[in-house]
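Everything on this sheet refers to the single structure shown next.
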Amino acid sequence: MAKEVVLSGIRPTGFLHLGNYFGAMRNYVRMQDEYNCYFFVANWHSLTTHPDTRELRNSVNRVVAENIACGLDPEKVALYIQSDLPEIAELYLYLNTMAYKGELEKTTTFKEKVRLSPDNVNAGLLTYPVLMAADILIHRAVKVPVGKDQEQHLEMARNFAERFNHRYGDVFPSPQAFNYGTELVKILSLDGNGKMSKSENQMNTIFLADEDEQIRKKIMKAKTDGGPLAPNSIKPDYIENLFTLMSQVSTPDTVQKFEDDFNNSSEGNCIIRYGDLKKQLAADMVEFVAPIRAKAADLQANQDLLKKITRQGAEKARASGAETLRLVREAIGMN
Ligand code: TYM
């Protein structure tokens with residue numbers, strides 16, 4: 001039986017961080033053996049918010065390098081750059097006729113970006129979810145490993161696909177957001193204010209390129225409080241976030257010890273020591289990030305290799321994209 005098709009992408013708008021890794025990339029690495037995988041760097045998407053392109057090529061290379069450093073094998077997956085796949089642009093054009101202004105204006109990410117940059121509310125920003133649907137549907141992907149913040153975009157991609165199928169005949173399967181846990185992941189900023197992100201809250205974001213000392217410093221500064229007031233309390237979200245990170249990089253025994261300390265703590269009898277938890281988390285995080293950082297740096301110094309990898313990825317992706325476009329044109333009657 002043919003393997004199911006998987007697709008996901010990352011915008012080259014800054015340094016990759018733990019949110020990107022635990023929300024998305026960790027799944028990519030696990031999926032590469034089981035599925036037919038396409039992963040790409042979304043450089044067209046970045047133009048909607050980052051029109052200055054002086055740093056773009058560098059950022060694209062870094063995202064490619066960091067994906068490989070995290071464990072993606074370019075022989076197993078197609079790893080490519082969005083602008084190397086013109087097929088996406090044609091599909092974007094067709095899908096734009098399935099998307100309504102009202103629903104695009106209601107998209108959470110659009111409203112957020114309008115709030116942050118009221119002087120740059122361009123049409124590309126408004127139709128961002130349509131381009132994202134085209135990225136997915138160009139390979140007729142069914143599973144899309146993403147973090148929680150992309151859930152609404154996936155719902156929109158399903159709507160556009162359904163409308164296309166309804167209007168012109170069945171071409172697209174229904175793409176679903178995917179995570180190997182039960183729920184999509186959202187890693188919070190270390191100060192507890194919003195999600196970890198490439199552009200906001202940089203001092204509270206751990207980047208895969210951070211030096212050991214920066215990692216330690218940022219984690220030791222992470223928000224905590226005076227400890228739980230009753231045994232088996234519900235954790236505040238910023239404490240839950242530290243446990244989530246710990247569960248990714250520390251041993252199960254270590255996590256259990258701090259879980260037990262938390263659950264046995266109460267007012268006047270605080271057993272959990274957040275200072276110790278953060279020290280342990282910092283040590284384990286440094287061990288986790290250091291080899292990724294080193295491998296990514298090596299790869300970035302080898303531009304020829306990166307070029308070869310993305311060229312090979314684009315070739316594979318274009319074959320798949322061309323076949324989808326053939327079906328799309330036939331369905332519409334554009335052939
Ligand atoms: P981007 O570049 O913002 O983020 C890349 C991936 O990382 C996930 N992520 C997070 N997960 C958990 N916690 C966080 N704090 C966190 N921050 C980021 C994102 O959910 C994403 O999976 N629109 C996409 C890029 C894109 C795309 C696509 C993705 C373009 N076309 C097609 C999937 C399919 C974006 O801006 O991701």
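In the frame of its principal axes, the range 177-261 has Cα extents of 37, 34, 25 Å, reported largest first.
Normalised by 2.2 N^0.38 Å, where N is the number of residues, the C-alpha radius of gyration of the chain stands at 1.06.
Dividing the Cα convex hull volume of the range 183-335 by residue count, how many Å³ per residue is that?
Dividing the Cα hull volume of the range 183-335 by its residue count gives 177 Å³.
In this structure, the residue pairs whose Cα-Cα separation is over 26 Å, taken from LYS217/LYS257; LYS3/LYS186; LYS257/LYS295; LYS186/LYS308; LYS106/LYS235; LYS148/LYS308, are LYS3/LYS186; LYS257/LYS295; LYS186/LYS308; LYS106/LYS235; LYS148/LYS308. Across the chain, C-alpha contacts under 8 Å between residues 6 or more apart give a mean separation that, scaled by the residue count, equals a relative contact order of 24 percent. Comparing mean-square fluctuations of TYR28, TYR100, TYR128 from a GNM of the chain with C-alpha springs under 10 Å, the top value falls on TYR100. Across the range 211-218, computed HN-Hα scalar couplings (Karplus, 6.51 cos²θ - 1.76 cosθ + 1.60, θ = phi - 60°) run 6, 3, 5, 5, 4, 4, 4, 5 Hz from first to last residue, x flagging Gly and Pro.
Averaging the Cα positions of each part gives two centres, and for the range 43-60 and the range 251-283 these lie 42 Å apart. Mind running the shape call on the range 210-296? Use the C-alpha gyration tensor, a ≥ b ≥ c as the square roots of the eigenvalues: rounded below 1.5 for a/c, prolate if a/b tops b/c, oblate otherwise. Cα axes put the range 210-296 in the prolate bin. The calculated FRET efficiency for the pair GLU315 and GLN256, based on their C-beta separation and a Förster distance of 41 Å, comes to about 0.30.
Relative to one another, the C-alpha centroids of the range 68-89 and the range 100-121 are positioned 28 Å apart. The label point for ARG329 and the one for SER266, both projected 7 Å from the Cα toward the Cβ, are 7.3 nm apart. Near PHE178, the amide H atoms lying under 5 Å from its own belong to VAL144, VAL146; only residues 5 or more places off or on other chains count, and H is placed 1.01 Å from N. For the range 45-59, putting each phi into the Karplus relation 6.51 cos²θ - 1.76 cosθ + 1.60 with θ = phi - 60° gives couplings of 4, 5, 5, 5, 10, 10, x, 6, 9, 4, 9, 4, 4, 4, 5 Hz, in residue order, rounded to whole numbers and with x for Gly and Pro. Based on the Kirkwood radius over alpha-carbon pairs, what is the Stokes-Einstein translational diffusion coefficient of the range 80-190 at 4 °C with 1.567 mPa s viscosity, in µm²/s? Roughly 87 µm²/s, to the nearest whole number. Counting every C-alpha pair in the range 1-118, the share spaced more than 25 angstrom apart comes to 33%.
Calculated [222 nm] ellipticity per residue, helices only, for the chain: -16000 deg cm²/dmol; basis is -39500 (n - 2.57) per DSSP H run with n ≥ 4, divided by all residues, nearest 500. Normalising the average separation of contacting C-alpha pairs (under 8 angstrom, six or more residues apart) by the number of residues puts the relative contact order of the range 210-296 at 44 percent.
For SER266, the amide hydrogen comes within under 5 Å of the amide hydrogens of ILE271, counting only partners 5 or more places away or on other chains and with H modelled in the peptide plane. By DSSP, the beta bridges lying fully in the chain are antiparallel in about 20 percent of cases.
Between GLY9 and PHE40, the built amide H atoms are under 5 Å apart, and every one of these is 5 or more places off in sequence or on another chain. Here the extension length gained between GLU287 and ASP225 equals 19.7 nm, from 0.36 nm per residue of separation less the Cα-Cα distance.
Simple spin-label model, 7 Å along Cα-to-Cβ: GLU55 to ALA123 in nm? Spacing of the two 7 Å Cα→Cβ label points: 2.9 nm.
Report the FRET efficiency, 1/(1 + (r/R0)^6), for GLU112 and ASP237, where r is their Cβ-Cβ distance and R0 is 25 Å, rounded to 0.05. About 0.85, to the nearest 0.05.
On the basis of the beta-carbon distance and an R0 of 22 Å, ASP191 and ALA301 show a calculated FRET efficiency of 0.05.
Where a number appears in this text, it was derived from the coordinates with a stated rule and is not lab data. Since this is a predicted model, take the numbers as computed values, not measurements. Please note: Cβ atoms are built from the backbone with ideal geometry, for glycine as well, and neighbour counts cover all protein chains shown.
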